[in-house]
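See structure below.
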Amino acid sequence: MTAAAIAAAVRSGERRAATVTEASLAAIAAGEGEIHAFALVLADGARRRAEEIDAQVAAGQDPGPLAGVPVALKDNLCTRGVPTTCCSRILEGWLPPYDATVVKRLAAAGAVVVGKSNMDEFAMGSSTETSAFGPTRNPRDTSRVPGGSSGGSAAAVAAGFTPVALGSDTGGSIRQPAALCGVVGMKPTYGTVSRYGLVAFASSLDQVGPLATTVADAALLFDVIGGRDERDTTSLDRPAPRLASVVGQGVEGMTIGVLAEYLEGADPAVAGRIAQAAEVLAAAGARVEEVSVPEVRLGLSAYYLIAPAEASSTLARYDGVRYGLRVDAEDTAAMNVATRSAGFGAEVKRRIMLGTYALSAGYVDAYYGQALRVRTRIIDGFAAAYERCDALLGPTAPTTAFALGAKLDDPLSMYLSDVCTIPTNLAGHPAISVPFGTGADGLPVGAQVLAPALAEATMFKVAAVLEAGAPAVGAGS
Amino acid sequence: MTDVGRVVPEDAGGAWEMVVGLEVHTELRTATKLFCGCANLFGDEPNTHVCPVCLGLPGSLPVLNQRAVELAMAIGTALHCEIRPSTFHRKNYFYPDMPKDYQISQYDEPINVSGWLQLPGGRRIGIERAHLEEDTGKTAHAGSSGRIQGAEYSLVDYNRSGVPLVEIVSAPDMRSSTEARAYATELRAILIACGASDGKMEEGSMRVDANVSVRPGPGAPFGTRCEIKNLNSLRSLGRAVDYEAQRQIALLESGDAVVQQTRHWDEGEGRTVALRSKEEAYDYRYFLEPDLVPVVPDPAWITAVGAALGPLPAERRARLVALLAGAVPAVGEGFPDPDVGVDAEGSPGVSDAEREQILTVVDLGLDGLVVAAVAGGVPARLALARTANEAATDAGAAASLDPGAYTTLLGMEVAGTLSATQVKAILSDLLAHGGGDPVELARARGFEAMADAALVTVVREAVDAHPAEWVRYRDGEEKLAQFFVGQVMKATRGQANGKGVVAELERLARE
């Protein structure tokens, strides 16, 4: 059942939020042992919240557009009084004294939070294997990873634990796991969703976004969480989005570019699905043409300088002085070192070292500075493509879900999994991954729709056409 | 160039020339911190003005305080800077009193650049930049030494974390400790006049670091400099700069080199000492703060901030000079242009002592009292002397005196109602009580002017005792009024109000 259908049923009194919540908790109880989508399941809190929603309905009040909808929150979204760990040892025991803005907005819309979902530590990873609490398994094939870093959120939706979830996307962390798990995942335009209360990985790239089973549900969630927040200076001064209604409006007259560079390294079966997706769009009345944005080839290199550089600074605060883990030592500096050595996992340490190096005196211009110049070129490259095209099409990930452990010891190969998602973050644009059939292994393929900044309406329209024309995804292989 | 001025002595003796530049940090007097809504208050219980933002909690984000931007622009305007679009960077280093382990500071695009400050002596000192940044918390080390070495534990107070600062960096334009002190004094007065700072060096709301080097003479390349920290008063600044220059000269004259380092001023020992040597210089890894957007003040806003700026110390000194020369203040009157004031060396009618009084009064922000008193009929020299010599002894209390009460008090001296000694006594009462009614205070001290009824009787007695003089006065010989005032004063041992006596004489003459 979609979030929209649940909310409609709860608002009309047809179904009780408590019933919906119990169904969600039961699904989690049955499947979580195998999937491990959550860092923390909040059964009691969810039941209390559901009772409140039902009381509102009984009193004739409208709980909002997500009335009674169970939601999973990625564990880097602050929840007041509820552990928020980013799946890192270093934040063990920390209870945020406040809710993230998106969490407040979900609550105000009547959503029921059922748990904090598993993720790669501090969102650094593409498989959810760097979580300090153990990996999540892909519900389509439990020998495979769910992707990452929002792998817990994607798996929760794919497993039917919750109809929707929130993730965060710094270099593809919503879209790539959505693709690998066969669900919809959307990364909004930078600045359209508040980052207040999202524990930062790389502030200039991070954006919160929805995961869902349908494009319409993703739009519904985006409408709820989007809009200006005075607490986030980088949030745009624009009215909240109202896109749920435009989803079905079609692509007639649009020009869609198939992004050649994204097909270069793609698995042939994945590339085949994208060609098929292009045909669906053409059949729906869009003009489809091949487009080249050669600058996107530079995205991965630029990203692995910019994101670690920001992270090396942003993660400095985890020093054992004020909260989270502290490993005692003879003086403050030694305590800082001992705490950080014990608290961070290998991938986080690797990126802190990369970023520290990229910003170091004598190297900053050659590495970080150069990466910023590349970022500008990528923005310019997309701008040229969008002079002709309304939206771009490509694969979300070059492959389907890979086996657990396959890439954990080969960081470069792991990083390549985000090669088709990273340029969007560097540009600050929106993009969405829609399930579109399966690969040769029977596992889901994601078709990615890219759009210019603030063109979410166009993006959702294209995504909905792909959704309607997509070959079915099998329940497993 | 104009303005009354302290004479800057040439460096006497020896070929060495001292080169000094100052870095001044001032806390801004905003209601709230730079990036959050916490109160900007000094001296409260530790960790009572904190929130997720100024504690750097995960997920928190900074939001720039627009009032802090305004005050920074006011400082820039007062220092003749170019006000420009600016950005914030992160300055990365680990320290427990810095919650994010980076400081948000303006780096290569500061809000104010390329200005100048004119010393009262006339010389202009270049201002390289004046930029916004956040303050850190405060660490207290428990243990015998009170320092981090050997401390049993340390406590951190984050009330100060995120308090707005402006750092004002001068060019290396000063050539003596006297100039350095004059610069710091003038800058402090400007910051106070802008409403940007309370200028309290002892409380740390204004902090001065000095960069000192020496060179063989004017025009020679700059020597290696040392940065001196822990200068908690103007006196420390002057002493430290002189000590450091002499230390460097001694090194150079004995054939040694000056090592560039940061040194700590030890006030008790009267010397600078090298801070523990760092194994390597810090690499702050500056980069653009991605959580903030550029600050781009529109021209209308900049203009409005400039228009709201009150008169600056140089203008205020020029106005006092004008008052001494006989100008009459009027409500709403513009201030004289400070650049066409009276020359420091040759202000006609302004003595050296009066020049010092003017500097003192303006430095302490008490010139408003002088202007109010003169507007109320008090001669300028008397008003200046009482303000510089008496009111200035408790400048803090004097700054909050009611100018009306102050004028009334000095008016009583002018009228002869109170003697100079009595006025000084009542002024000290006013300062001690933080205000009051001078007439009441005079009465309480028994300095009270004679009540009207008693005065009428005494005047009548004087008239009756001198009938011939009375007839001449009544027939128009006005100067005889002073004769009768003298008689009344004699009879009352100076307790009568001279103006009251004259008024009563006039009333009798009309009868």
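Just the number please: accessible area per residue for region A:11-118, 1.4 Å probe, all protein chains included, in Å². The partial results should precede the final answer.
Details: 4120 Å² over 108 residues.
Value returned for region A:11-118: 38 Å² of accessible area per residue.
What per residue convex hull volume, in Å³, do the alpha-carbon atoms of region A:3-247 yield? Display every interim value, and only then the final one.
On the way: hull volume 26.7 nm³, N = 245.
Convex hull volume per residue, Cα atoms: 109 Å³.
Return the Rg/Rh value of chain B, two decimal places, where both radii are evaluated on C-alpha atoms and Rh is the Kirkwood radius. Could the numbers behind the result be given before it?
Details: Rg = 28.7 Å, Rh = 26.5 Å.
Taking Rh as the inverse mean 1/r over Cα pairs, Rg/Rh reads 1.09.
Could you pull the Rg and Dmax for region B:452-510, using just the Cα atoms, both in Å?
Expressed in Å, the Cα Rg and Dmax of region B:452-510 come to 10.1, 29.
Please give the charge dipole size of region B:452-510, origin at the Cα centre, charges +1 on K and R Cβ atoms and -1 on D and E Cβ atoms. Round to the nearest 20 debye.
Details: 9 positive and 9 negative charges, 25 e Å.
The calculated dipole for region B:452-510 is roughly 120 debye.
Roughly how much accessible area, to the nearest 100 Å², goes out of reach of solvent when A and B pair up, both sides summed, probe 1.4 Å? Let's see the in-between values first.
On the way: alone 16750 and 23990 Å², together 38140 Å².
The summed interface area works out to 2600 Å².
Give, ordered by residue number, each residue of region B:282-323 whose 1.4 Å probe accessible area is reduced by a minimum of 30 Å² on adding the remaining protein chains to the chain alone.
Checking the loss per residue gives B:Asp283, B:Arg285, B:Phe287, B:Pro290, B:Asp291, B:Val293.
Can you give the % of DSSP beta bridges in region A:163-316 that are antiparallel, to the nearest 5? Let's see the in-between values first.
Working: 8 of 13 bridges.
Within region A:163-316, antiparallel bridges account for around 60 percent of the total.
Which percent, nearest 5, of DSSP beta bridges in region B:166-276 are antiparallel? Write out the running numbers ahead of the final one.
On the way: 8 of 11 bridges.
Taking every DSSP beta bridge with both residues in region B:166-276, the antiparallel ones total about 75 percent.
Which Cα, out of B:Asn230, A:Ala37, B:Pro218, lies furthest along the positive dipole direction of the protein assembly as shown (beta carbon charges, K/R +1, D/E -1)?
Value computed over the given set: A:Ala37.
Could you check how many percent of all C-alpha pairs in region B:202-279 are farther apart than 21 Å?
On the way: 839 of 3003 pairs.
The answer is 28 percent, as a whole percent.
So how exposed is B:Leu191, as accessible area in Å² (1.4 Å probe, rounded to 10)?
Roughly 0 Å² of B:Leu191 is accessible to a 1.4 Å probe.
Restricting things to alpha carbons, find the Rg to Rh ratio for region A:205-351 using the Kirkwood radius for Rh.
On the way: Rg = 22.6 Å, Rh = 20.3 Å.
Across region A:205-351, the Cα-based Rg/Rh ratio is 1.11.
Just need the relative contact order of region B:17-280 here, percent rounded to a whole number, with Cα pairs under 8 Å and 6+ apart.
Numbers: 595 pairs, mean separation 58.5, N = 264.
Relative CO of region B:17-280 lands at 22 percent.
For chain A, calculate the relative contact order in percent as a whole number, restricting contacts to Cα pairs under 8 Å that are 6 or more residues apart.
Numbers: 1229 pairs, mean separation 80.6, N = 477.
Averaging sequence separation for qualifying contacts and normalising by length gives 17 percent for chain A.
Straight distance only, please: which lysines reach the Cα of B:Lys424 with their own Cα at less than 23 Å, same-chain residues fewer than 8 apart left out?
B:Lys490, B:Lys499
At a 1.4 Å probe, which residues in region B:57-76 are at least 30 Å² less accessible with all protein chains present than in their chain isolated?
By number: B:Leu57, B:Pro58, B:Gly59, B:Leu61, B:Val63.
What base-10 log of the normalised intensity I(q)/I(0) is obtained for the protein assembly as shown from the Debye formula, alpha carbons as equal point scatterers, at q = 0.08, 0.09 Å⁻¹?
Debye intensities relative to I(0), on a log10 scale: -0.86, -0.99.
For the protein assembly as shown, give the percent of accessible area contributed by carbon and sulfur heavy atoms, probe 1.4 Å, rounded to a whole number.
Numbers: 20280 of 38140 Å².
Accessible surface attributable to carbon and sulfur in the protein assembly as shown totals 53 percent.
Enumerate the helices in chain B for which the Kyte-Doolittle hydropathy averages 1.6 or more and the C-alpha atoms extend at least 27 Å along the helix's axis, using complete DSSP H runs.
Values: long enough: B:234-253 (28 Å, -0.21).
For chain B, where a helix must reach 27 Å along its axis and average at least 1.6, there are no hits.
Calculate the tail of P(r) for region B:17-280: the fraction of all Cα-Cα distances greater than 36 Å, expressed in %.
On the way: 5186 of 34716 pairs.
Considering region B:17-280, 15 percent of its Cα-Cα pairs are separated by more than 36 Å.
How much mean residue ellipticity at 222 nm does the protein assembly as shown get from its helices, if each DSSP H run of length 4 or more adds -39500 (n - 2.57) and you divide by all residues, to the nearest 500 deg cm²/dmol? Show your work: numbers first, answer last.
On the way: 32 runs with 372 residues, N = 988.
Result for the protein assembly as shown: -11500 deg cm²/dmol, rounded to the nearest 500.
Of the options B:Met201, B:Ile127, B:Ala481, report the single residue whose Cα projects farthest towards the positive end of the charge dipole of chain B (beta-carbon charges: Lys, Arg +1; Asp, Glu -1).
In chain B, that residue is B:Ala481.
Highest mean first, how do A:64-72, B:297-305 rank when packing is the count of other Cβ atoms within 10 Å averaged over residues?
Per-residue mean Cβ counts within 10 Å order the peptides as A:64-72, B:297-305.
At a Förster radius of 22 Å, what calculated FRET efficiency corresponds to the Cβ-Cβ distance of A:Glu51 and A:Glu230, to the nearest 0.05? Walk me through the numbers on the way to the answer.
Values: r = 32 Å, r/R0 = 1.45.
The pair A:Glu51/A:Glu230 has a calculated efficiency of 0.10.
Using a probe radius of 1.4 Å on heavy atoms only, what accessible surface per residue do you get for region B:17-280? Whole Å² is fine. Each step should come with its number before you reach the end.
Numbers: 10370 Å² over 264 residues.
Per-residue value: 39 Å².
Need one value for A:73-86: mean number of C-beta atoms belonging to other chains within 10 Å of its residues' C-beta atoms.
Working: counts 0, 0, 0, 2, 1, 5, 0, 0, 0, 0, 0, 2, 1, 2.
Other-chain Cβ atoms within 10 Å of each residue's Cβ, averaged: 1.
I'm checking a number: the convex hull volume of the Cα atoms of region B:246-307, normalised per residue, in Å³. What is it? Could the numbers behind the result be given before it?
Values: hull volume 16.2 nm³, N = 62.
Hull volume over Cα atoms, normalised by residue count, gives 260 Å³.
Work out, in µm²/s and without decimals, the Stokes-Einstein translational diffusion coefficient of region B:20-132 at 20 °C, 1.002 mPa s, Rh from Kirkwood over C-alpha pairs. Walk me through the intermediate numbers first.
Numbers: Rh = 15.8 Å.
It comes out at roughly 136 µm²/s.
The values are calculated or read from the model by the stated rules, or taken from the named source; none is laboratory data. In this text the structure is predicted, and so the values were computed from the model without any measurement. A quick note on method: Cβ atoms are made from the backbone with ideal geometry, for glycine too, and the neighbour counts reach across all protein chains shown. For accessibility, only protein heavy atoms count, side chains too; no ligands or nucleic acids. Shrake-Rupley method; radii C 1.70, N 1.55, O 1.52, S 1.80 Å.
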